[in-house]
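Asker: I have a structure here, written as structure tokens, and I will follow up with some questions on it.
The values are calculated or read from the model by the stated rules, or taken from the named source; none is laboratory data. Small disclaimer: the values here were computed from a predicted structure and weren't measured. Virtual Cβ from ideal backbone geometry, glycine too; neighbours counted across all protein chains shown. Accessible surface areas use protein heavy atoms only, side chains included; no ligands, DNA or RNA. Shrake-Rupley method; radii C 1.70, N 1.55, O 1.52, S 1.80 Å.
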Amino acid sequence: MFQQLPLIEIDGLCLVESDAQANYLGHKYGMLGGTDYERGRVPMLFSGAKSFRASCKPSWPFLAAEKKEETVKAAISSAKNRYLPAFEKALADNGTGFLVGSSPTIADCALYDILSYFEMPEYGDLLEGSSHCKAFLAKFAEVPGVKKYLNSPRRFPIPDDAYAAEVKAALFS
């Protein structure tokens, strides 16, 4: 529709815009919360996780070497001081291992997306002291469909220098 990616084709629909995709899939698979309270918290935490990703995702493989250190420091600072404490509290308050309710929601998917990047060496021991986030990573990775995806060749790679070179070659050659 807007000549952009990502695009998913599902149920005869071509959906662009990541929020529209997440909301459609969340509704289809019952991942938006079951009560009014949960339906209020899920989009809030989903949006917060998207902001967390925007602030902290590893973009440095695509940057010039002299900007890498500064970018990594900013990402770590944002994670430690703003986002990890908020998500650590949300997980602790809910008490089920998920952000809202007792089963995965679109907010959990978004949080897992950013937390899974923290396995990269540049982040060091960023999750040290965030026991609920660490436990969440392990629990979410064991959800059957997630586990299947993580063990499949379809898994999106965590960006490294080799991946960045491949992307740059595809885009600029």
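Asker: When you scan the stretch 147-165, do you find a residue that is on the phi < 0 side of the Ramachandran plot, modelled with pLDDT of 90 or more and of a type in the set (A, V, I, L, M, F, W, C), even just one?
Answerer: yes
Asker: Here's something else I'd like to know. Report, by residue number, each residue of the stretch 113-130 that is open to solvent by less than 30 Å² (accessible area, probe 1.4 Å) and free of Cβ contacts under 8 Å to residues at least 40 places away in the same chain.
Answerer: Listed by number, the residues that qualify are LEU115, PHE118.
Asker: Report the residue count in the stretch 1-26 for those that are within 14 Å of PRO104 (Cβ to Cβ) and of a type outside the set (A, V, I, L, M, F, W, C).
Answerer: Residues in the stretch 1-26 being within 14 Å of PRO104 (Cβ to Cβ) and of a type outside the set (A, V, I, L, M, F, W, C): 1 in total.
Asker: Next up: Looking only at residues that are over 26 Å from GLN3 (Cα atoms) and part of a loop (DSSP other than H, G, I, E, B) in the stretch 13-49, which one is most open to solvent (accessible area, probe 1.4 Å)?
Answerer: So, considering only residues that are over 26 Å from GLN3 (Cα atoms) and part of a loop (DSSP other than H, G, I, E, B), the one most open to solvent (accessible area, probe 1.4 Å) is TYR29.
Asker: Could you count how many residues in the stretch 90-102 are in contact (Cβ under 8 Å) with a residue 40 or more places away in the chain and either assigned to a helix (DSSP H, G or I) or open to solvent by 30 Å² or more (accessible area, probe 1.4 Å) (or both)?
Answerer: Qualifying residue count, the stretch 90-102: 3.
Asker: Of the residues that make up the stretch 56-68, is at least one of a type in the set (A, V, I, L, M, F, W, C) and at pLDDT 90 or above?
Answerer: Taking every residue of the stretch 56-68 in turn, at least one turns out to be of a type in the set (A, V, I, L, M, F, W, C) and at pLDDT 90 or above.
Asker: Restricting to the stretch 12-52, and then to whatever is at pLDDT 95 or above and of a type in the set (Asp, Glu), can you tell me which residue is nearest to ASP93 (Cα to Cα)?
Answerer: The selected residue is GLU38.
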